[in-house]
Every structure is written in C-alpha cells, then in structure tokens.
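The values are calculated or read from the model by the stated rules, or taken from the named source; none is laboratory data. Bear in mind the structure is a predicted one, so any value in this text is a computation, not a measurement. Note: ideal-geometry Cβ built from the backbone for every residue, glycine included; neighbour counts use all protein chains shown.
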Amino acid sequence: MSKYAIIQLQGKQYQVQEGDEFLVDRLDQEAPGKFEVSDVLLVVDGSERKIGQPLVDGAKVVCELVSNQKGEKIRVAKYKSKSRYRKVHGHRQYQSTVKVLKIV
C-alpha cells in the first residue's frame, strides 16, 4: 500500500497521493505557486492510519498550483413543446490544476 490522504478543499473532499494532479474549481491565486492544505481528514501510510475528528492534528498536504484554465464547454438548452420556445446557452467552468508535492 502507498501513502495517501483525504483532504478538504473548497468544501469538497479529494483522495490524493504524492505526485497526483487533479482539477478543482478556480483558486484565487496566480499559477505557478505553492500552498498548503491543513484540512486533512485522513492519512494512510502503509498499515498506519490517522483518522481525524474532524481533522488530523499536525497533518498537512503541500500542493502546487500548476495552471488556471477553463473546462470543457457544456450545452444548456431550454425547450417548451408546442410553443416554438428554444434557448441554447454554452458554459465553461473556470478550473485549476493542482499537483500534490508532499503529504506531511
């Protein structure tokens, strides 16, 4: 087994390992840059587990903000039958790519 942690970032929970890259909603900082996540709910290192109540004391995850970008375009359509009502809108969510450097 490898080392992983469950963190809470922007109200959402993610299971991360060292070296992982994952997408989150846009963070309020410039890329590239490092930051620490101290909202760690669980840390597993081999057979050793630390479970937080609700957070693990002294645990943190060091992350790097790789880039800020827009996500894939989705199509949002409104339609009402028999009345010739159709509206189509596109939406692209702002996202950030985060890389996990170290679980402490």
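Test residue 20 against the stated conditions and say whether it is out of contact with any Leu (no Cβ under 9 Å at 6 or more places or on another chain) and surrounded by 13 or more Cβ atoms within 10 Å (Cβ to Cβ).
Against the criterion (out of contact with any Leu (no Cβ under 9 Å at 6 or more places or on another chain) and surrounded by 13 or more Cβ atoms within 10 Å (Cβ to Cβ)), residue 20 qualifies.
Scan region 25-41 for residues that are of a type in the set (D, E, K, R) and surrounded by 11 or more Cβ atoms within 10 Å (Cβ to Cβ) and jot them down.
Scanning region 25-41 gives 25, 26, 34, 36, 39.
Exactly one of (1) assigned to a loop (DSSP other than H, G, I, E, B); (2) of a type outside the set (Val, Ile, Thr); (3) surrounded by 14 or more Cβ atoms within 10 Å (Cβ to Cβ) is unmet by residue 63. Its number?
(1)
Name the residue that is modelled with the highest pLDDT, counting only residues in region 29-41 that are in a loop (DSSP other than H, G, I, E, B) and of a type in the set (Asp, Glu).
39
State all residues of region 74-98 that are exposed (fewer than 10 other Cβ atoms within 10 Å of the Cβ) and within 29 Å of residue 31 (Cα to Cα); if no residue qualifies, say none.
Once the filter is applied, which keeps residues that are exposed (fewer than 10 other Cβ atoms within 10 Å of the Cβ) and within 29 Å of residue 31 (Cα to Cα), region 74-98 yields 75, 90.
Within region 11-29, can one find any residue that is of a type outside the set (Phe, Trp, Tyr), touching a strand residue (DSSP E or B) at 6+ places or on another chain (Cβ under 7 Å), without any contact (Cβ under 8 Å) to a residue 24 or more places away in the chain and closer than 18 Å to residue 99 by Cα?
Yes: region 11-29 contains one or more residues that are of a type outside the set (Phe, Trp, Tyr), touching a strand residue (DSSP E or B) at 6+ places or on another chain (Cβ under 7 Å), without any contact (Cβ under 8 Å) to a residue 24 or more places away in the chain and closer than 18 Å to residue 99 by Cα.
Which pairs have Cβ atoms under 9 Å, sit 6 or more apart or on different chains, and link a residue in region 34-54 that is touching a residue at least 40 places away in the same chain (Cβ under 8 Å) and more than 17 Å from residue 9 (Cα to Cα) to one that is among the β-branched types (Val, Ile, Thr) and surrounded by 13 or more Cβ atoms within 10 Å (Cβ to Cβ)?
That search, which allows pairs on different chains as well, returns 44/6; 45/103.
Mind counting the residues in region 34-86 that are touching a strand residue (DSSP E or B) at 6+ places or on another chain (Cβ under 6 Å) and either at positive phi or of a type in the set (Asp, Glu) (or both)?
Qualifying residue count for the region: 4.
Being under 17 Å from the mean Cα position of the chain (by Cα) and among the hydroxyl-bearing types (Ser, Thr, Tyr): is that true of residue 38 here?
Answer is yes for this residue.
For region 68-88, state whether one or more residues are out of contact with any Lys or Arg (no Cβ under 9 Å at 6 or more places or on another chain), assigned to a loop (DSSP other than H, G, I, E, B), at pLDDT 95 or above and polar (S, T, N, Q).
yes
Taking into account only those residues within region 42-57 that are within 21 Å of the chain's Cα centre (by Cα) and not in a strand (DSSP E or B), which is surrounded by the fewest Cβ atoms within 10 Å (Cβ to Cβ)?
Only one residue tops the list, namely 54.
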